[in-house]
1. Which residue, of Pro159, Pro175, is modelled with pLDDT under 90 and in contact with a strand residue (DSSP E or B) (Cβ under 7 Å, 6 or more places away or on another chain)?
2. Please go through segment 125-150 and give me each residue that is closer than 20 Å to Met69 by Cβ, in contact (Cβ under 8 Å) with a residue 60 or more places away in the chain and surrounded by fewer than 19 Cβ atoms within 10 Å (Cβ to Cβ), ordered by number.
3. Tell me which residues, restricted to segment 1-38, are part of a helix (DSSP H, G or I) and among the basic types (Lys, Arg).
4. For Glu106, are the conditions met, namely being over 21 Å from Arg25 (Cβ atoms), assigned to a helix (DSSP H, G or I) and of a type in the set (D, E, K, R)?
5. Report yes if Tyr115 is among the hydroxyl-bearing types (Ser, Thr, Tyr), farther than 19 Å from Ile2 by Cα and either assigned to a helix (DSSP H, G or I) or touching an Asp or Glu at 6+ places or on another chain (Cβ under 8 Å) (or both), otherwise no.
6. Give segment 1-34 a look and list any residue that's farther than 14 Å from Val64 by Cα, buried (at least 17 other Cβ atoms within 10 Å of the Cβ) and not aromatic (Phe, Trp, Tyr), or say none.
7. Within the group Arg4, Arg47, which residue is more than 18 Å from Ser100 (Cβ to Cβ) and in contact with a strand residue (DSSP E or B) (Cβ under 7 Å, 6 or more places away or on another chain)?
8. For Pro88, all conditions in the list (1) touching a residue at least 24 places away in the same chain (Cβ under 8 Å); (2) surrounded by 13 or more Cβ atoms within 10 Å (Cβ to Cβ) hold save one; what is the number of the exception?
Amino acid sequence: MIRRAASHDLDAVEQIYMQNFISERRNEARLSGWIAGVWPNRTAVRRAIAKGELYALWDGEEIVAAMIMRRGQPDEYEALRWPVRSFPSQVISFDLLCVSPLRLREGLGTQLLHYAVGTAQRTRSRAVRCHCRSGNVPMRALLEKTGFILACERKADFPTGIGESAAYYEYDTVPPRPRGNEPRLSRGGVSVV
């Protein structure tokens, strides 16, 4: 079950981010670009909860994944050329998607992405946008597997204070309509002209 996190969920959500820091340090992989105690930190998680932007994925009594999701987009997205033309108010953006390293490869990240896309469709938003470090291969693979399209890559200033290359992704929530003479499928799967 995915729901907005409440203030009493702060410790459990922070624990997931801490597990990620430990796992990356242990495996000598800095995929997320996050730094323990710097970003994401307890203050950022607390603020997201207070704004109603932190969503947690529950497995029974335990939070196993989380993300920050909001209507609108970060200011830095304004300068980018996105495939989907839209006003910022027509966008759902998310960041800090994190799955407990103890629960990887169970489809939890996919569930969170589907939730973001479903939220965008329910609210008639035009697109879902996000970014991650260019070197975060697992996150990029997850985004592409879920139908997100790479919009661009460029240097970005991350909250960690380190300027790195970032990959910006977008999901178009409005499917393309058939044009004029293009074949369409009927209910039986037969092409109709």
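The values are calculated or read from the model by the stated rules, or taken from the named source; none is laboratory data. Model, not experiment: these values are computed from the prediction. Positions of Cβ are generated from backbone atoms using ideal geometry, with glycine treated the same way; all protein chains shown enter the neighbour counts.
1. Pro159
2. Residues satisfying the conditions are Pro138, Ile149.
3. Kept after step one, since they are part of a helix (DSSP H, G or I), are these residues of segment 1-38: 7-26.
Scanning segment 1-38 gives Arg25, Arg26.
4. no
5. Considered against the rule, which asks whether it is among the hydroxyl-bearing types (Ser, Thr, Tyr), farther than 19 Å from Ile2 by Cα and either assigned to a helix (DSSP H, G or I) or touching an Asp or Glu at 6+ places or on another chain (Cβ under 8 Å) (or both), Tyr115 comes out as no.
6. Glu24, Leu31, Ser32, Gly33
7. After applying the criteria, what remains is Arg4.
8. (1)
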